[in-house]
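Undergrad: Have a look at this one.
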Amino acid sequence: MAEVVLKNVSKDFGSVKVIRGVDLSIADGEFAVFVGPSGCGKSTLLRLVAGLEDISGGDLYIGGDRANAKSPKERGIAMVFQSYALYPHMTVYENMAFGLSLSGGGKAEIDAAVRKAADILELTPLLERLPKQLSGGQRQRVAIGRAIVRNPRVFLFDEPLSNLDAALRVQMRIEIAKLHKEIGATMVYVTHDQVEAMTLADKIVVLNAGNVEQVGAPLELYHHPRNMFVAGFIGSPK
Ligand code: ADP
Ligand code: MG
């Protein structure tokens, strides 16, 4: 079943058309990656799915329900950003538990969810630390942990690794792939890094100036790019 469906979705900021009639279908459990040059609309498209921006035209479906007018909370999504945005005065445990306690979960239920996420992300020994006592990679794992505890049907990632150094980026990429395998949730991941896209994606969506240039499996795009833009983007990792 298709988990996230966009039908002729557009977004204008004033008179500027940023997303231009995008049709897209992401299957349940699929790892979809949006790539394209800076300013092409990757973050905007993700924010439309998240409900952080209103759609100007078209229709969005999440889990089979029309989601155009749903609040971010009602969509069953969790978003992981490039900046970790952890609460500095809260421990790792409290940072992960916070969103759940807001939505009214019971104490035992929250505890179980936090400990399970910590286990998956190898954060168990760090639960009592403050963010300032963590490395960049550990902080980003906590940010991902906060998303996991909410048990969303769809994870949205906006360049989650771009603040990390190269070695850590590779390590985190492997961990995200492992996470996807382990929990099997639908993931939509934005990056401008071709290597990340090629290694993580079931399906790559190449965006250019608010349009979808091509959608396909990594090797399909690599071997059969539809045009020079896709060839240049997928064929020349930086
Ligand atoms: P990407 O993530 O691919 O780099 P964005 O989705 O952030 O691109 O931006 C796409 C275009 O939309 C850019 O030209 C950007 O300046 C514009 N844009 C994004 N957000 C806003 C906003 N809130 N108001 C006006 N223009 C915006
Ligand atoms: Mg962006």
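Undergrad: Being part of a helix (DSSP H, G or I) and either surrounded by fewer than 17 Cβ atoms within 10 Å (Cβ to Cβ) or within 16 Å of ligand 2 (Cβ to nearest atom) (or both): is that true of Leu168 here?
TA: Working: part of a helix (DSSP H, G or I): yes; either surrounded by fewer than 17 Cβ atoms within 10 Å (Cβ to Cβ) or within 16 Å of ligand 2 (Cβ to nearest atom) (or both): yes.
So Leu168 fits the description; yes.
Undergrad: Looking at region 159-168, can you tell me whether even one residue there is out of contact with any helix residue (DSSP H, G or I) (no Cβ under 6 Å at 6 or more places or on another chain) and at positive phi?
TA: yes
Undergrad: Where in region 9-89 are there strands (runs of 3 or more DSSP E), lying fully within it, with 3 or more residues that are hydrophobic (A, V, I, L, M, F, W, C), within 16 Å of ligand 2 (Cβ to nearest atom) and surrounded by 15 or more Cβ atoms within 10 Å (Cβ to Cβ)?
TA: Numbers: elements: 16-27, 31-35, 57-62, 77-80.
Ranges flagged: 16-27, 31-35.
So that you can scan it fast, the table gives a plain yes or no per residue for (1) modelled with pLDDT under 90; (2) within 16 Å of ligand 2 (Cβ to nearest atom):
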residue	(1), (2)
Arg150	yes, no
Val154	no, no
Phe157	no, yes
Glu196	no, yes
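Undergrad: Whether any residue in region 123-146 is β-branched (Val, Ile, Thr) and within 13 Å of the chain's Cα centre (by Cα) is what I want to check. Lay out the reasoning, then the answer.
TA: Of region 123-146, the ones β-branched (Val, Ile, Thr) are 124, 142, 144.
This time we only want the ones that are within 13 Å of the chain's Cα centre (by Cα), so: 144.
Within region 123-146, one or more residues are β-branched (Val, Ile, Thr) and within 13 Å of the chain's Cα centre (by Cα).
Conditions (1) assigned to a helix (DSSP H, G or I); (2) at negative phi; (3) crowded, with 19+ Cβ neighbours inside 10 Å, marked per residue:
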position: Lys178; (1), (2), (3): yes, yes, no
position: Val212; (1), (2), (3): no, yes, yes
position: Pro225; (1), (2), (3): no, yes, yes
position: Val230; (1), (2), (3): yes, yes, yes
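Undergrad: Ok, one more. What residue, of Ser103, Ser25, Ser56, is within 16 Å of ligand 1 (Cβ to nearest atom) and either modelled with pLDDT under 95 or over 17 Å from Pro152 (Cα atoms) (or both)? I'd like the intermediate steps shown before the answer.
TA: Details: Ser103 fails: within 16 Å of ligand 1 (Cβ to nearest atom); Ser25 fails: within 16 Å of ligand 1 (Cβ to nearest atom).
It is Ser56.
Undergrad: Note down all Cβ pairs under 9 Å where the first residue falls in region 214-226 and is over 15 Å from Val195 (Cα atoms), the second is of a type in the set (Asp, Glu) and not in a loop (DSSP other than H, G, I, E, B), and they're at least six residues apart or on different chains.
TA: Gln214/Glu220; Pro225/Glu213; Arg226/Glu213
The values are calculated or read from the model by the stated rules, or taken from the named source; none is laboratory data. Owing to the predicted nature of the structure, the values given are computational and were not obtained by experimental measurement. Positions of Cβ are generated from backbone atoms using ideal geometry, with glycine treated the same way; all protein chains shown enter the neighbour counts.
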